[in-house]
Amino acid sequence: MSPDTACGYDAAAVARGRLDLSGKTVAVVGDTTSKTALNTYLSKNLVSAKMVAVGNREEAMKQLQAKQVDAFASDQIVLIGQIMQAPDPKI
């Protein structure tokens, strides 16, 4: 998982490759390659983040906007589309 696959973070931190998910809650659509990649990333880097499996991207964005989760992990192109459609793209 590359650092650009989670939204809900400062773009400058993501660009520098410093995505600190320690102690954070991350939404991810269940049964996807993103969930597998996130799990691998967290395990490999010894990051203690909580993964929350959701049914679809819309639910992940809803939880992110409601501040129920700290980030949403998915494919970069998916996140770009979600951010472009978000009422507040600075979430």
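Where a number appears in this text, it was derived from the coordinates with a stated rule and is not lab data. Since this is a predicted model, take the numbers as computed values, not measurements. Note that each Cβ is placed from the backbone with ideal geometry, even for glycine, and that neighbours are counted across all protein chains shown.
Would you list MET51, MET61 from fewest to most Cβ contacts within 10 Å?
Final ranking by Cβ density, sparse to dense: MET51, MET61.
So how compact is the stretch 18-63: Cα radius of gyration and Dmax in angstrom?
10.5, 29
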